[in-house]
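The structure appears below as structure tokens.
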Amino acid sequence: MGANYQAQQYTLPDLPYDYAALEPYISAEIMKLHHDKHHRTYVTNLNKALEQLAEAEQKQDLSKQVELQSAIKFNGGGHINHSIFWTNLSPVNKDGGKKPEGALAEAINQQYGSLEKFIEIFSAKTVGIQGSGWGWLGYNKEQNKLCIVTCDNQDPLSTKGLIPLLGIDVWEHAYYLQYKNVRAEYVKAIFNVVNWKNVAERFALAASK
Ligand code: MN3
């Protein structure tokens, strides 16, 4: 890998709060490992793959360019997803666990009946993911509708043509140290620290574009 192959480099974003800030719902130990080890590894491997891609492009090695797509999707998706996830959460003494307001609250009530009903449907789908993946509240621009969908592995929501508003990581690394195999308890607990203000901002931005 020479220095000649210039690729865009991504960096691990700082968490907008301390590792212990989401306790007791998500332990500091989980947050530190999840952010500083798992997310960092996606960023490192994404940068590696992009550098290899730049090299393969320069060498017009199409087979190599195609081969690299799965690493870019996985690690790039991991970086995209976690970067959203951290901002979707907030300590309870800040924005965590407060109710959605404004246009987002209206859309949730209109489509799902109530916030409680939305959380029930979202949680059931998300807990039911087979293996590793993410539960998402996404926005369908063409239909001007909210959608609850799940993605496998680190596939970003853009692969389904939707704009991500709220993502819940249900890879075991996100909860196992604290909740063991009881994914449902983790998903239930995390709504205590969901930053609905951030979700509403994402919704407003997505709807205005
Ligand atoms: Mn994760």
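What is the one condition in (1) open to solvent by less than 80 Å² (accessible area, probe 1.4 Å); (2) within 14 Å of the ligand (Cβ to nearest atom); (3) among the charged types (D, E, K, R) that residue 55 does not satisfy?
All conditions pass for residue 55, except number (2).
Here is a list: 84, 148, 80. Which entry is within 16 Å of the ligand (Cβ to nearest atom), open to solvent by less than 40 Å² (accessible area, probe 1.4 Å) and modelled with pLDDT of 95 or more? Before you say what the answer is, go through the steps one by one.
On the way: 148 fails: within 16 Å of the ligand (Cβ to nearest atom); 80 fails: open to solvent by less than 40 Å² (accessible area, probe 1.4 Å).
When all the criteria are applied, what remains is 84.
Taking the criterion of being under 17 Å from the mean Cα position of the chain (by Cα) and closer than 16 Å to residue 171 by Cβ, would at least one residue in the stretch 46-69 satisfy it? Explain how you work it out, then say what you get.
Step one: filter the stretch 46-69 for residues under 17 Å from the mean Cα position of the chain (by Cα), giving 46.
Adding the requirement that they be closer than 16 Å to residue 171 by Cβ leaves none.
Within the stretch 46-69, not a single residue is under 17 Å from the mean Cα position of the chain (by Cα) and closer than 16 Å to residue 171 by Cβ.
Assuming residue 23 fulfils every condition listed in (1) in a loop (DSSP other than H, G, I, E, B); (2) free of Cβ contacts under 8 Å to residues at least 40 places away in the same chain; (3) within 17 Å of the chain's Cα centre (by Cα) apart from one, which condition is it?
(3)
Among the residues of the stretch 126-145, count how many are open to solvent by 40 Å² or more (accessible area, probe 1.4 Å) and in contact with a Gly (Cβ under 6 Å, 6 or more places away or on another chain).
Result for the stretch 126-145: 0.
Please go through the stretch 154-174 and pick out each residue that is open to solvent by less than 10 Å² (accessible area, probe 1.4 Å) and more than 12 Å from the ligand (Cβ to nearest atom).
157, 165, 166
Among the basic types (Lys, Arg) and either modelled with pLDDT under 95 or open to solvent by less than 80 Å² (accessible area, probe 1.4 Å) (or both): does that describe residue 64? Talk me through it step by step, then tell me what you get.
Numbers: among the basic types (Lys, Arg): yes; either modelled with pLDDT under 95 or open to solvent by less than 80 Å² (accessible area, probe 1.4 Å) (or both): yes.
Considered against the rule, which asks whether it is among the basic types (Lys, Arg) and either modelled with pLDDT under 95 or open to solvent by less than 80 Å² (accessible area, probe 1.4 Å) (or both), residue 64 comes out as yes.
Is one or more of the residues making up the stretch 113-123 away from the ligand (no atom under 16 Å from the Cβ), open to solvent by less than 70 Å² (accessible area, probe 1.4 Å) and at pLDDT below 95?
no
Given the conditions (1) of a type in the set (A, V, I, L, M); (2) in contact with a strand residue (DSSP E or B) (Cβ under 9 Å, 6 or more places away or on another chain); (3) within 16 Å of the ligand (Cβ to nearest atom), report the number of the one that residue 177 does not fulfil.
Going through the list (1) of a type in the set (A, V, I, L, M); (2) in contact with a strand residue (DSSP E or B) (Cβ under 9 Å, 6 or more places away or on another chain); (3) within 16 Å of the ligand (Cβ to nearest atom), residue 177 breaks only (2).
Can residue 46 be described as closer than 27 Å to residue 160 by Cα, open to solvent by less than 70 Å² (accessible area, probe 1.4 Å) and touching a strand residue (DSSP E or B) at 6+ places or on another chain (Cβ under 9 Å)? Show your work before the answer.
Details: closer than 27 Å to residue 160 by Cα: yes; open to solvent by less than 70 Å² (accessible area, probe 1.4 Å): yes; touching a strand residue (DSSP E or B) at 6+ places or on another chain (Cβ under 9 Å): no.
It is false that residue 46 is closer than 27 Å to residue 160 by Cα, open to solvent by less than 70 Å² (accessible area, probe 1.4 Å) and touching a strand residue (DSSP E or B) at 6+ places or on another chain (Cβ under 9 Å).
Before we move on, is residue 65 free of Cβ contacts under 8 Å to residues at least 40 places away in the same chain and not aliphatic (A, V, I, L, M)?
For residue 65, the condition - free of Cβ contacts under 8 Å to residues at least 40 places away in the same chain and not aliphatic (A, V, I, L, M) - is met.
I'd like the full set of residues that are of a type in the set (Ser, Thr, Tyr), farther than 12 Å from residue 92 by Cβ and open to solvent by less than 70 Å² (accessible area, probe 1.4 Å), limited to the stretch 10-34.
Once the filter is applied, which keeps residues that are of a type in the set (Ser, Thr, Tyr), farther than 12 Å from residue 92 by Cβ and open to solvent by less than 70 Å² (accessible area, probe 1.4 Å), the stretch 10-34 yields 19, 27.
The values are calculated or read from the model by the stated rules, or taken from the named source; none is laboratory data. Fair warning: this is a prediction, and the values are worked out from it, not measured in the lab. Heads up, the Cβs are rebuilt from the backbone with ideal geometry, glycines too, and the neighbour counts pull from every protein chain shown. Quick note on the areas: whole protein, heavy atoms, side chains included, nothing else; ligands and nucleic acids left out. Shrake-Rupley method; radii C 1.70, N 1.55, O 1.52, S 1.80 Å.
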